[in-house]
Structure formats: C-alpha cells, structure tokens
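Notes follow the structure.
The values are calculated or read from the model by the stated rules, or taken from the named source; none is laboratory data. Bear in mind that the values here come from a model prediction, so they are computed numbers and not experimental data. Methodologically, a virtual Cβ is constructed for each residue, glycine included, from the backbone with ideal geometry; neighbour enumeration extends over all protein chains shown. To get the accessible areas, we keep the full protein, side chains included, count just its heavy atoms, and leave off ligands, DNA and RNA. Shrake-Rupley method; radii C 1.70, N 1.55, O 1.52, S 1.80 Å.
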Amino acid sequence: MNDVLLVCDLDGTLLDINGQIDQVSFNKIKKFCEDGGHFVICTGRMDTDIQYVEQKLGFAGEYRISQNGAVIKDKDNQSILLETIPSEYIPALNDAIFSEGLRTEVSNGNNRHFPSPRKPEEVAEFVDSSKIIEDLPASILAGEIEPTIYLTFGNEQSFLPIKLAIANSLGENKVTVIQTSPTSLEVLSNKVSKGKAVELIRKKLGIVSDSLYVVGDAESDVSMFTLTEHAYAVQEAEEAICEQANYYRKTVGDVVADIYKQKKEENR
C-alpha cells in the first residue's frame with residue numbers, strides 16, 4: 001500500500017452527522033496505515049482537530065491539510081503552506097460580510113476568533129483554539145488578525161446579499177466564496193482549495209494520480225474529485241455532490257475495502 005494515498009474529509013465523512021468518529025472506518029484506516037498506505041486528513045476544521053483525530057488513530061500522516069486547504073503542516077509541525085486573504089481585499093470584505101449582522105467568525109493560521117462566547121452545545125471542535133475579540137472588524141482592519149477564512153452563519157437566502165456585495169466591490173473571482181453547509185458560508189483566498197492542497201501533497205509524496213483516493217461529502221470537497229478517477233462521496237452527501245464523484249459508498253471504511261480489492265486485482 002506504500003504507493004497509495006487516501007485523502008479524507010472529516011465532517012460528514014470520517015465523522016458522522018453528530019460529529020462522532022466512525023470507529024469501524026477508523027479500524028480499517030489503521031490497518032491501511034499499518035500496511036504502508038499514506039493517509040492524509042483534509043478538512044475545513046483547524047489543524048488542532050486533525051492532530052486530535054490522528055492521536056485517536058495512532059498514526060500521524062506525513063501532512064495535515066486544514067481550513068479547506070489554506071493551511072498545510074507536516075508531521076514535524078512545520079508549515080508547508082499558509083495562504084491568507086490579501087490585505088487589500090479586507091476593507092471590502094469587512095463591509096460586505098459584517099454589515100449583514102450575521103454571526104461571523106474569522107480564522108488565522110492557528111486560531112478561530114469569535115465576537116462573543118459560544119454556547120456549550122455550539123462547540124463542535126475536539127480542541128477549542130478559539131479567542132474572543134468583541135470588535136472583530138476593527139481587529140482585522142488593524143492587522144491584528146491576518147484572515148485565512150471568514151465563516152458566516154445563516155442560510156442560503158441570507159448569504160445572497162453577502163455574495164452580491166463581494167462581487168460588486170471586488171469583482172468576480174478575487175476571493176473564493178463557498179457554502180460549506182446549509183448554514184455556513186466561507187470566504188477565503190482564491191488560491192485556496194482542497195484540490196490544490198491535495199495535488200501539492202500528492203506530488204510531494206510521489207504518488208501517481210491513479211493511486212490517489214479522495215473521499216468527501218460537500219461542495220468544498222469537489223475540487224478534490226477532479227484529481228483522480230477514485231473520487232468517492234459518502235454518508236449523507238447530496239445528490240449534486242454524488243454526481244460529481246466517481247463512486248458512492250456509505251462509509252470511508254467501505255472505500256478502504258475498495259482499495260484493498262483493487263490492489264488485489266492488480267496483483268493477480
């Protein structure tokens with residue numbers, strides 16, 4: 001398996017709808033790693049949550065991709081990539097995003113920054129790296145936070161004015177605006193995507209595209225699907241996401257089973 005790279009999203013993929021670890025899949029991934037397979041987590045979560053999951057798995061991948069591809073670190077905790085939003089875009093983004101009155105959180109390379117504390121039931125991270133800054137817009141404008149991601153909570157209708165304001169003030173394709181769930185909208189550098197991050201890691205590991213397997217469930221994962229013919233949607237992925245993947249399987253464990261089956265057929 002040392003010529004195979006498996007890249008896996010977390011929420012809705014390796015984690016179930018309640019954010020709990022799929023233990024059966026975990027056991028299969030552990031066996032895959034023991035057999036020499038390369039396993040990399042690629043998530044919108046912070047790097048600290050990837051480290052938590054790796055500790056549970058008992059294996060540290062060569063690389064960790066967090067914040068939807070804006071941050072990459074290696075197993076020695078060295079930074080491979082940190083892609084922040086260009087500073088010249090910040091005033092326009094602040095106006096477009098914060099003027100709608102929706103709760104917005106802002107991340108940099110190491111922390112999430114909140115305008116107010118969250119309720120305990122709203123804390124979804126395994127490791128809470130958050131900081132409270134009451135006047136987030138001012139802190140960002142002052143350069144105290146160099147944003148990697150703006151994360152806004154609402155619904156598709158409430159996100160429309162934000163999308164329109166960003167397009168009107170910055171023009172098209174200056175930043176990436178992506179709805180990562182029915183209730184969350186993210187804005188990040190247009191140099192960032194999970195696909196770009198995975199392609200960088202694939203090349204660093206010397207893995208050919210035919211031996212790359214990617215697994216996800218959301219719009220943010222689709223950029224990975226274009227890299228290989230082994231693209232899988234899992235769990236509760238919507239039909240539109242499944243249509244952009246090559247295969248659907250119920251769990252990541254089922255994908256690992258496919259890898260073993262395909263390798264066995266290759267070795268006949």
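Which of the residues that make up the range 122-139 are within 21 Å of residue 47 (Cα to Cα) and either in contact (Cβ under 8 Å) with a residue 40 or more places away in the chain or open to solvent by 70 Å² or more (accessible area, probe 1.4 Å) (or both)?
Those that are within 21 Å of residue 47 (Cα to Cα) and either in contact (Cβ under 8 Å) with a residue 40 or more places away in the chain or open to solvent by 70 Å² or more (accessible area, probe 1.4 Å) (or both): 122, 124, 125, 126, 127, 128, 129, 131, 132.
Can you say whether residue 215 is in contact with a Cys (Cβ under 8 Å, 6 or more places away or on another chain) and open to solvent by less than 10 Å² (accessible area, probe 1.4 Å), as far as the supplied structure shows?
yes
Return the pairs, sorted by first residue and then second, in which the second residue is open to solvent by 40 Å² or more (accessible area, probe 1.4 Å), the first residue lies in the range 238-257 and is in contact (Cβ under 8 Å) with a residue 40 or more places away in the chain, the beta carbons are less than 6 Å apart, and the residues are 6+ apart or on different chains.
253/24; 253/28; 255/249; 256/28
Condition check ((1) assigned to a loop (DSSP other than H, G, I, E, B); (2) of a type outside the set (Phe, Trp, Tyr)) across all residues:
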site: 68; (1), (2): no, yes
site: 88; (1), (2): no, yes
site: 92; (1), (2): no, yes
site: 100; (1), (2): yes, yes
site: 106; (1), (2): no, yes
site: 118; (1), (2): yes, yes
site: 126; (1), (2): yes, no
site: 139; (1), (2): no, yes
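Of the residues 99, 116, only one is hydroxyl-bearing (Ser, Thr, Tyr), out of contact with any strand residue (DSSP E or B) (no Cβ under 6 Å at 6 or more places or on another chain) and without any contact (Cβ under 8 Å) to a residue 24 or more places away in the chain; which?
Being hydroxyl-bearing (Ser, Thr, Tyr), out of contact with any strand residue (DSSP E or B) (no Cβ under 6 Å at 6 or more places or on another chain) and without any contact (Cβ under 8 Å) to a residue 24 or more places away in the chain holds for just one of 99, 116, which is 116.
Is there a residue in the range 8-29 that is open to solvent by 20 Å² or more (accessible area, probe 1.4 Å), among the β-branched types (Val, Ile, Thr) and assigned to a loop (DSSP other than H, G, I, E, B)?
Within the range 8-29 (the criterion being open to solvent by 20 Å² or more (accessible area, probe 1.4 Å), among the β-branched types (Val, Ile, Thr) and assigned to a loop (DSSP other than H, G, I, E, B)), the answer is yes, since at least one residue qualifies.
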